[in-house]
Amino acid sequence: MSKNIAIIGGGVIGLCSAYYLIKDGHKVTIVDKSSLESGASYINAGYLCPGHITPLAAPGIIRQGIRWMFNSSSPLYIEPRINIEFFKWIYAFNKSCTNRHVINSIPGILNLSLLSQDLLQQIKDENNFKFHYKKKGLLMLCKTENSMLHEEHAVKLAIENGLEAKLINKAEIKKLEPNVEIDSIGGAYYKCDHHSTPGEFMSVLKEFLLSKGVRIFKHTLVDNFVLEGKKIKGIFFDGKLMKFDEYVFAAGPWTNYLCNKIGIKLLLQSGKGYSMDVHEETKINLPAILVEPKCAVTPMNGFTRFSGTIEIASINNNIRRNRVDAIANSACSYYPNLKIDEDIRSKAAFGLRAISADGLPYIGRSSKISNIVIATGHNMTGWSMSTGTGKLVSDFVSEKPPSIDTSFYNPERKF
Ligand SMILES: Cc1cc2nc3c(=O)[nH]c(=O)nc-3n(C[C@H](O)[C@H](O)[C@H](O)COP(=O)(O)OP(=O)(O)OC[C@H]3O[C@@H](n4cnc5c(N)ncnc54)[C@H](O)[C@@H]3O)c2cc1C
């Protein structure tokens with residue numbers, strides 16, 4: 001049965017949901033408070049990385065966060081706050097940081113990432129979309145023996161889970177990346193990982209959706225719902241009450257505000273990250289994660305992007321220059337011939353990741369309000385999981401058997 005659907009949030013999760021919803025015969029309206037040109041879905045590192053199978057909530061992360069709390073240029077910052085939602089989130093997050101949780105989460109992370117890689121290729125082929133999408137693998141570059149030990153463990157876990165990954169030494173790095181000088185003692189190579197240029201995919205997808213009759217309302221904040229029993233009857237925007245059959249909450253780290261309005265509690269925090277683009281030729285051919293400073297380097301279409309940092313804090317638009325400098329300086333220390341000048345640093349952009357309480361996304365229905373589907377909380381890998389999430393959203397709305405086991409993503413799971 002065809003339904004009339006509103007999607008709140010036009011980031012990559014909202015757009016991918018729209019794609020599959022129209023494919024399944026529904027009528028779709030997207031409402032977004034921004035101009036749909038910035039934010040996490042545009043400035044991210046563009047990795048589609050099933051190799052990242054460990055959730056953010058893993059042993060040692062809280063201790064690391066506390067150690068880094070007083071270092072203004074560290075890759076992870078957790079802002080201490082007197083706020084009940086933050087307390088609940090940090091309590092649940094801390095509880096999730098166990099080895100058992102890591103092992104139990106792997107299928108949930110892996111299945112959605114692999115599904116999404118396949119679907120992205122399918123979307124590209126079926127529609128003859130032109131956007132940059134490369135399958136060259138991903139390097140993990142280390143400077144210390146300690147990090148190498150960590151990588152050894154991560155590679156073992158990846159191989160055990162059927163992924164193509166291996167440890168590599170300095171000479172092998174040179175072979176894989178012959179035209180660039182790299183200061184690293186070795187690392188790992190995840191052949192299973194892919195990369196893309198986010199802005200290109202976002203553009204072709206928006207254009208496609210518009211051509212298929214999807215209505216997109218920009219600069220339109222949704223913050224007022226009219227309820228009727230256990231259902232949302234309508235939302236106010238464009239000066240009037242708009243009624244839909246179903247509502248998809250894909251508002252990134254703002255999704256818990258929407259949920260609060262209708263009495264649903266969702267443990268979610270915002271994790272800010274930064275990126276900057278170097279348009280001069282860097283000769284970097286392979287994407288890489290710089291293991292110690294946790295920075296991402298991505299050769300995109302026409303430029304190289306450097307990104308990093310997770311600031312778990314209340315939502316704000318501040319750009320902390322010392323963190324931008326830390327990303328740029330780290331990149332230059334791994335790639336000694338690289339220059340990232342003041343002009344590039346001053347143009348750094350930020351995006352807000354939606355950080356769930358256990359490192360797994362929230363995708364699914366609520367028992368409190370029957371006509372919504374929640375799709376958020378993708379942590380560091382929302383780009384990687386976007387097409388699969390869109391497909392699952394449409395499976396829920398269309399009442400079809402889900403493409404993969406969705407029990408991992410239940411928004412009402414207990415922590
Ligand atoms: C620096 C950085 C690097 C990253 N690198 C990677 C990577 O390499 N690979 C990967 O998989 N992931 C990566 N990510 C994460 C990825 O970018 C996000 O997980 C993904 O973009 C989330 O998409 P989204 O659609 O859920 O959220 P968003 O892109 O944040 O979109 C949410 C939208 O909702 C709108 N909205 C919010 N509230 C309302 C409201 N009340 N009314 C109307 N509109 C509303 C917002 O304006 C926004 O446009 C990175 C993130 C950052 C910051």
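The values are calculated or read from the model by the stated rules, or taken from the named source; none is laboratory data. Treat the numbers as computed from the prediction; the structure is a model and nothing was measured. Note that we place each Cβ from the backbone using ideal geometry, even for glycine, and neighbour counts take in every protein chain shown.
In the stretch 380-415, what count of residues is obtained for those that are more than 19 Å from residue 269 (Cβ to Cβ), without any contact (Cβ under 8 Å) to a residue 60 or more places away in the chain, in a loop (DSSP other than H, G, I, E, B) and not polar (S, T, N, Q)? Result for the stretch 380-415: 3. Looking only at residues in the stretch 191-234 that are of a type in the set (Phe, Trp, Tyr) and touching a strand residue (DSSP E or B) at 6+ places or on another chain (Cβ under 6 Å), the one that is farthest from residue 390 (Cα to Cα) is 225.
In the set 255, 282, only one residue is crowded, with 17+ Cβ neighbours inside 10 Å, away from the ligand (no atom under 11 Å from the Cβ) and polar (S, T, N, Q); that residue is 282. Taking the criterion of being in a loop (DSSP other than H, G, I, E, B) and in contact with a helix residue (DSSP H, G or I) (Cβ under 7 Å, 6 or more places away or on another chain), the residues of the stretch 229-264 that qualify are 250, 251. Residues that are out of contact with any Phe, Trp or Tyr (no Cβ under 9 Å at 6 or more places or on another chain) and assigned to a strand (DSSP E or B) were ranked within the stretch 194-228; the one that is surrounded by the most Cβ atoms within 10 Å (Cβ to Cβ) is 216. For residue 365, state whether it is closer than 24 Å to residue 112 by Cβ and either loosely packed, with under 14 Cβ neighbours inside 10 Å or more than 19 Å from the chain's Cα centre (by Cα) (or both). Considered against the rule, which asks whether it is closer than 24 Å to residue 112 by Cβ and either loosely packed, with under 14 Cβ neighbours inside 10 Å or more than 19 Å from the chain's Cα centre (by Cα) (or both), residue 365 comes out as yes. Looking across the stretch 100-135, the residues that are aliphatic (A, V, I, L, M) and closer than 21 Å to residue 163 by Cα come down to 102, 103, 106, 109, 110, 112, 114, 115, 119, 120. Within the set 217, 236, 225, 244, the sole residue that is near the ligand (Cβ under 10 Å from one of its atoms) and not aliphatic (A, V, I, L, M) turns out to be 217. Taking the criterion of being among the hydroxyl-bearing types (Ser, Thr, Tyr), more than 15 Å from residue 371 (Cα to Cα) and surrounded by 15 or more Cβ atoms within 10 Å (Cβ to Cβ), the residues of the stretch 394-413 that qualify are 403, 406, 409. Within the option set 231, 272, 240, being touching a residue at least 24 places away in the same chain (Cβ under 8 Å) and surrounded by fewer than 21 Cβ atoms within 10 Å (Cβ to Cβ) holds for one residue only, 231. Kindly indicate the residue of the stretch 53-82 that is small (Gly, Ala, Ser) and assigned to a loop (DSSP other than H, G, I, E, B) and also nearest to residue 389 (Cα to Cα) among those meeting that condition. This residue is 57.
Residue by residue, here is whether (1) more than 9 Å from the ligand (Cβ to nearest atom); (2) in a loop (DSSP other than H, G, I, E, B); (3) closer than 22 Å to residue 319 by Cβ holds:
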site	(1), (2), (3)
19	yes, no, no
22	yes, no, no
34	no, yes, yes
42	no, no, yes
51	yes, yes, no
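Could we say that residue 173 is hydrophobic (A, V, I, L, M, F, W, C), under 30 Å from residue 272 (Cβ atoms) and crowded, with 16+ Cβ neighbours inside 10 Å here? Taking the combined requirement at face value, the residue does not satisfy it.
Test of understanding: among 309, 304, which residue is within 30 Å of residue 181 (Cα to Cα) and either within 12 Å of the ligand (Cβ to nearest atom) or in contact with a Pro (Cβ under 9 Å, 6 or more places away or on another chain) (or both)?
309
Kindly check whether there is at least one residue in the stretch 63-73 that is modelled with pLDDT of 90 or more, within 16 Å of the ligand (Cβ to nearest atom), at negative phi and among the hydroxyl-bearing types (Ser, Thr, Tyr). Scanning the stretch 63-73 turns up no residue that is modelled with pLDDT of 90 or more, within 16 Å of the ligand (Cβ to nearest atom), at negative phi and among the hydroxyl-bearing types (Ser, Thr, Tyr).
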